[in-house]
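First the structure, in the form of structure tokens, and then the observations on it.
Every number in this text was worked out from the coordinates using simple rules, so none of it is lab data. What you are looking at is a predicted structure, and each value in this text was computed from that prediction instead of being measured. Ideal geometry is used to build each Cβ from the backbone, glycine not excepted, and the neighbour counts take in all protein chains shown.
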Amino acid sequence: ESYKRIADVENKVQAFLTLDEERARQTAKALDDKFSADAANGLLFGMPIGVKDNIVTKGLRTTCASKILENFDPIYDATVVQKLAQAETVTIGKLNMDEFAMGSSNENSGFQKTHNPWNLERVPGGSSGGSAAAVAAGEVLFSLGSDTGGSIRQPAAFCGVVGLKPTYGRVSRFGLVAFASSLDQIGPITRTVEDNAYLLQAISGLDPMDSTSANVDVPNFAGSLTGDVKGLKIAVPKEYLGEGVSESVRQSVLDALKVLEGLGAVWEEVSLPHSKYALATYYLLSSSEASANLARFDGVRYGYRTPNADNLLDLYKNTRAEGFGDEVKRRIMLGTFALSSGYYDAYYKKAQKVRTLIKQDFENVFEKYDVIVGPTTPTPAFKIGENIEDPMTMYVNDILTIPVNLAGVPGISVPCGFDGGLPLGLQIIGKHFDEATIYRVAHAFE
Ligand code: GLN
């Protein structure tokens, strides 16, 4: 069914970088044979799933949408991919993204532009734009994305699907090609909150291969979908409905709050006073980490190697000059500068301190409230090409999602209305490791 739908719509949406129908059919066939023999099949048994192309898959090309990894065939599976195999899902293919997950529109892919299924002239969001578009277009039922500063939630909002960034440490990062290791998390993108809970359940848990994965219980997430939000305390940060947020977005959030109020929840306005520093903090820290993480792509170890070099230094230089796109180079330069001696204290260290203040903002609010609610993005999906010349306007898109990564808390985007035929997303943010409450609220609202 997935491949039938892909044959019908993929030439318009262009969500996939790699499709391996032969391999998917073999997996499906093996599951089919097993099905007749075994009655106790799991909830995700046989489900078609797409995987963002920065999550390594053994024997299935993994490019991070970068020319530098164009022909990279991993020799192992990421932990989440192993877990999907245990849950007996069928991997359909690898999904387009911004190069190395840097971007908000999929326009930074080294290979192709994915289109928003709701309006083909609009971007699907990013960086997990392929993952959100493939689910929205019905090409797969589930997908995995990664979120460093909003890359699951923002495309989910733009494509009208459900996307969750789990608590930092909930899901193993082993086999996720690192962008900013202290912010990156893998998470599920689905059509419904219930599907999302099942998929998170399947990929969560402590992993000896990732020392930042957390040794905490994985609750039965689907069990929290009771529909009951009576007495629940919701905080609405005034900074999230202020300047730059479009009228339609603001209205959709107020409408959502009315629905939740009708179900017995109460809401109050609060302040996250350091929100205005989040964008600058994020771009300093994430670029610093990226400049170190991307040092490994040198033409020796993986993927592309320049043919234009007669000594080792030129090999490094030309491989990287020819292999990386403009946005990736911009971030590597910014990060290298922020970490260089003489500037470290002024930029990197300062940003780390502000990060702590942002985290404390969230902790203060969560002393009194169960969840924080606001928009996922300031506007609906913009036009392809509209922001590409102006990195700052592009960066501002993530202003409402970035603080969540800096604080390490979980956040979801659920569809909450339309503006001119384009979907809008409601963001629900929870306490550390309290995805269950986020799901409960999202499901009651859905
Ligand atoms: N759009 C943001 C960036 O460009 C977030 C990316 C992400 O979450 N991977 O860095």
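In plain terms, the residue of Lys368, Lys94, Lys383, Lys431 with the fewest other Cβ atoms within 10 Å comes first and the most crowded comes last, giving Lys368, Lys383, Lys431, Lys94. An ellipsoid equivalent to the chain, defined through the eigenvalues of its Cα gyration tensor, has semi-axes of 31, 28, 21 Å when rounded to whole angstrom and sorted largest first.
For segment 295-355, the square roots of the Cα gyration tensor eigenvalues, ordered a ≥ b ≥ c, give a/c of at least 1.5 with a/b greater than b/c, which places it in the prolate category. When Glu121, Glu10 are ordered from fewest to most other Cβ atoms inside 10 Å of their Cβ, what list results? Going from least to most buried by this count: Glu121, Glu10.
Size of segment 175-245: Rg and Dmax of its alpha carbons, in Å, are 16.4, 44.
Annotation: average projected area of segment 1-160 is 8.9 square nanometres, based on the convex hull of Cα atoms across all directions.
Put in order of Cβ neighbour count within 10 Å, fewest first, the listed residues Lys165, Lys233 become Lys233, Lys165. For segment 29-108, the Kirkwood estimate of hydrodynamic radius, built from reciprocal distances between every pair of different alpha carbons, is 13.9 Å.
The separation of segment 360-414 from segment 180-197, counted between C-alpha centres, amounts to 15 Å.
Between Asp345 and Lys29, the FRET efficiency estimated from the beta carbon spacing at R0 = 41 angstrom works out to 0.10.
Of the residues Asn196, Ala156, Asn220, the one whose Cα sits farthest towards the positive end of the charge dipole of segment 129-241 is Ala156 (charges of +1 on Lys and Arg Cβ, -1 on Asp and Glu Cβ, taken about the Cα centre).
The slack between Ala85 and Glu261, meaning 0.36 nm per residue of separation minus the straight C-alpha distance, is 59.3 nm.
Overall, the chain carries a charge dipole of about 600 debye about its Cα centre when +1 sits on the Cβ of Lys and Arg and -1 on the Cβ of Asp and Glu, all other atoms neutral.
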